[in-house]
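Taking it in order: structure first as structure tokens, then the write-up.
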């Protein structure tokens, strides 16, 4: 059997399960099995695969059929300009979250050095992308999950950033270390009811703790804003990802905690996704 035949066969199986990205997923999984780029897979459809490679490919396809996200199967996800190691203990990085990086780079374009904190580091995709872009910045990150901190540390090692990053196991309520020029966070903001009705891939495989924001979706956001008002220096910035329908409620919470609203940035679908505010 060759690459093309195996991919066609598997693609049919994925389409039966109504997986819209069937062909792409098969190409990605074949590239993982053969340890080759997707470009190689596309350009070499007649390359023979042996029984061992075929068996491994079918095993990965079986996981995909069971709704396991492609990023968890491959153990990798691209974000910003970099490739991050991930597993089912951390949220899969989303393209919309790159807006946080864009806003931070815009705000601090002329600043040589800042001390910043990320609340809920997960895989580390946000804090590590910022540190890679700004070589004189110093970052601290907190997370309640030891597993998340382990993944973040692994990614920091891979990207050569361990010397400018400090990680702590803590929730935001009990973190009291330092004063910051900037705090960034992509907190859980999905309402309880909405979480239960999300795609099977999300509900079955992604960590609920990283998504579930309580009854109104704002329980963790309130905590982050309240504590940030204590941890951010006067005139420091808070850059916060939100759900597209939370803008007005979050703005009120920010104002009640002495933040001035600078901007609301939209995502790729032109929906409100990120609020930038200043401590006053």
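Please treat every number below as a calculation from the coordinates, not as lab data. None of these values were measured; they are calculated from a predicted model. Using ideal geometry, Cβ is built from the backbone for each residue, glycine included, and neighbour counts are taken over all protein chains shown.
Descriptive notes on the structure:
- Note on region 3-66: Rg/Rh from C-alpha atoms, Kirkwood Rh, equals 0.93.
- Cα centroids of region 66-94 and region 107-148: 19 Å apart.
- With R₀ fixed at 22 Å, the C-beta to C-beta distance from residue 136 to residue 179 puts the FRET efficiency at about 0.75.
- Net length gained if the chain between residue 147 and residue 37 were fully extended (0.36 nm per residue, minus Cα distance): 36.7 nm
- Rounded to the nearest 10 degrees, the inclination of helix 98-107 to the longest alpha-carbon principal axis of the chain is 40 degrees.
- Efficiency of FRET between residue 12 and residue 162 - r from beta-carbon atoms, R0 45 angstrom, step 0.05: 0.50
- Rounded to 0.05, the FRET efficiency of the residue 199 and residue 21 pair, given R0 = 22 Å and the Cβ-Cβ distance, is 0.95.
- Build a GNM of the chain with springs between Cα atoms under 10 Å apart, and of 203, 239, 104 the one that fluctuates most is 203.
- Look at (i) 41; (ii) 47; (iii) 36: the one that is percent of Cα pairs over 28 Å apart derived from this structure is (i).
- 0 to 90° range, to nearest 10: angle between helix 3-16 axis and the chain longest Cα axis: 60 degrees
- Placing pseudo-labels 7 Å out from each Cα toward the beta carbon at residue 235 and residue 105 gives an inter-label distance of 2.5 nm.
- Distance from region 212-231 to region 166-188 (C-alpha centre basis), Å: 12 Å
- Cα centroids of region 1-40 and region 250-265: 46 Å apart.
- Secondary structure note: in the chain, about 45% of the DSSP beta bridges are antiparallel.
- The chain: calculated mean residue ellipticity at 222 nm from DSSP helix runs of at least 4, using -39500 (n - 2.57): -12500 deg cm²/dmol
- Residues in region 30-44 that a label on residue 1 would reach, taking backbone N under 13 Å of a point 7 Å out along Cα→Cβ: 30
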